[in-house]
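The values are calculated or read from the model by the stated rules, or taken from the named source; none is laboratory data. Because the structure is predicted, anything quoted here is derived from the model rather than measured. Here Cβ is always computed from backbone atoms with ideal geometry, including for glycine, and neighbour counts include all displayed protein chains.
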Amino acid sequence: MARTKVEKKEILEKVKTIVDTINDKTGSMVFVNFHGLKVADTMQVRRKLKSEKVNFFVAKKTLIRKALTEKNFAGTMPEFAGELGLAYGSDLIAPARGIHEFQVKYKGSISIVGGIFEGKYMSKDEMMAIALIPSQKTLQAMFVNVINSPIQGFVMALDQIAKKKTA
C-alpha cells in the first residue's frame, strides 16, 4: 500500500531521530537486508534484539538514504539492496552481533549490508568483523583465563616437586 506524504514525513522524522542517536562514541547502526524472511522469523529477530537492548526499524531505502545524507557521516554510504532495516543501539557491538547470529541461522534471508560505527560508514566486511568480536563478559573470562594459566602451571609444577621429594 502506498504511503501518503504525511506518513512519509513521519517516517523520515523517526529515521532522523534514530540517526541522531548514533554519534561518534555511543552507538552503532547496522543496515540489514531481510529479503525473504518470514513474518514469524522477523518477530523472533525483533524479540531477541530487544532483549539485548537493540532496536530494529524498517523504512524505505529512499527515506533512510535521505536521513543519512543530512547527517554527513565520514566514509562512503554502502549500497542498499532489497528490503532494508536498521538495527541500532547504544552498545557499539550488540547490533552487529545480534544480526550476525540470525544471519547464520537464516542463511540467505537476512544479511548485513553495512553500517555506521564510531561515526563513520562501514562496509559489509567491516561490520562482519565487528560482529565477530566476543561479548564483554566473554572477553573478561578469556582475560581471567590468560592471567590464571601461568599461576596454575606454577602450582602444578610445585605439586610435582612435592610429590617427587616425598617419594
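The requirement of being at pLDDT 85 or above and over 22 Å from Lys137 (Cα atoms) is fulfilled nowhere in the stretch 88-102; no residue meets it.
A search for C-beta distances below 9 Å between a residue of the stretch 134-154 that is closer than 22 Å to Glu52 by Cβ and any residue that is modelled with pLDDT of 85 or more and not hydrophobic (A, V, I, L, M, F, W, C), counting only pairs 6+ apart in sequence or on different chains, returns Pro134/Arg97; Ser135/Arg97. Counting only strands (runs of 3 or more DSSP E) that sit wholly inside the stretch 67-167, those with at least 3 residues that are under 15 Å from the mean Cα position of the chain (by Cα) and crowded, with 18+ Cβ neighbours inside 10 Å are 84-89, 111-117.
Scanning the stretch 116-123 finds no residues that are in contact with an Asp or Glu (Cβ under 7 Å, 6 or more places away or on another chain) and hydrophobic (A, V, I, L, M, F, W, C). Can you name the residue in the stretch 20-54 that is at pLDDT below 85 and part of a helix (DSSP H, G or I) and is also nearest to the chain's Cα centre (by Cα) among such residues? Only one residue fits best here, namely Thr21. Taken together, the residues in the stretch 30-52 that are surrounded by fewer than 19 Cβ atoms within 10 Å (Cβ to Cβ) and either of a type in the set (Phe, Trp, Tyr) or in contact with a helix residue (DSSP H, G or I) (Cβ under 7 Å, 6 or more places away or on another chain) (or both) amount to 2.
Listed conditions (1) of a type in the set (Val, Ile, Thr); (2) more than 25 Å from Pro134 (Cβ to Cβ); (3) in contact (Cβ under 8 Å) with a residue 24 or more places away in the chain are all met by Ile112, apart from (2).
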